Amino acid sequence: ATLVNLIPNAELIESKGRTFPVTVHYLPPDRTTDWLTHTIRSIRHIASQYDTGDILVFLPGSQEIRTIQDALEQAPIGTYRAVPLYG
């Protein structure tokens, strides 16, 4: 059953959003590097392959977001900026 059928009195809102191309990268960590360091290295590696665009990284919490942001602000990557998004 669809959600509309389960809640027949609910207002249905539709949005025709835009889609954007996405490239997924997986860089497996070695066993000797902590995951935050590996994440920073991975972001730097991916950024080095592109002249433009955005990199979206999912992290488990605000402390990890701030750690990555601080590391990237201390040693910037070209024109990329670290912009936290919480949700």
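Please calculate how many Å² of accessible area the chain carries per residue, with a 1.4 Å probe and no DNA, RNA or ligand atoms counted.
Accessible area per residue, the chain: 91 Å².
Cα convex hull of the chain: how many Å³ per residue?
It comes to 179 Å³ per residue, whole-number rounded.
Calculated FRET efficiency, Gln63 and Tyr26, Cβ-Cβ r, R0 22 Å, to nearest 0.05?
My answer for the efficiency is 0.35.
Give the angle, between 0 and 90 degrees and rounded to the nearest 10, that separates the Cα long axis of helix 62-74 from the longest principal axis of the Cα atoms of the chain.
40
How many nm is it between the label spots at Ile77 and His45, if each spot is 7 Å from the Cα in line with the beta carbon?
The answer from the label model is 1.1 nm.
Could you work out what % of the accessible surface of the chain is carbon and sulfur, using a 1.4 angstrom probe and leaving DNA, RNA and ligands out of the count?
54
Using a 10 Å Cβ count of at most 11 others and DSSP loop calls, identify the longest part of the chain lacking such chymotrypsin sites (Phe, Trp or Tyr not before Pro).
After excluding every exposed loop site, the longest remaining stretch is 27-57.
Considering only DSSP states other than H, G, I, E and B, which trypsin sites (Lys or Arg not before Pro) in segment 1-73 qualify as loop sites with at most 14 other Cβ atoms within 10 Å?
Lys16, Arg18, Arg31
What are the ³J(HN,Hα) values, in whole Hz, obtained from phi via the Karplus relation 6.51 cos²θ - 1.76 cosθ + 1.60 with θ = phi - 60°, for each residue of segment 6-17 in sequence order, with x given for Gly and Pro?
Calculated HN-Hα couplings, in order: 6, 10, x, 8, 6, 6, 9, 10, 10, 9, 9, x Hz.
The values are calculated or read from the model by the stated rules, or taken from the named source; none is laboratory data. These numbers come from a predicted model, not from an experiment. All Cβ positions, glycine included, derive from the backbone under ideal geometry; neighbour counts span all protein chains shown. We work out accessible area using only protein heavy atoms, side chains counted, and drop any ligands, DNA or RNA first. Shrake-Rupley method; radii C 1.70, N 1.55, O 1.52, S 1.80 Å.
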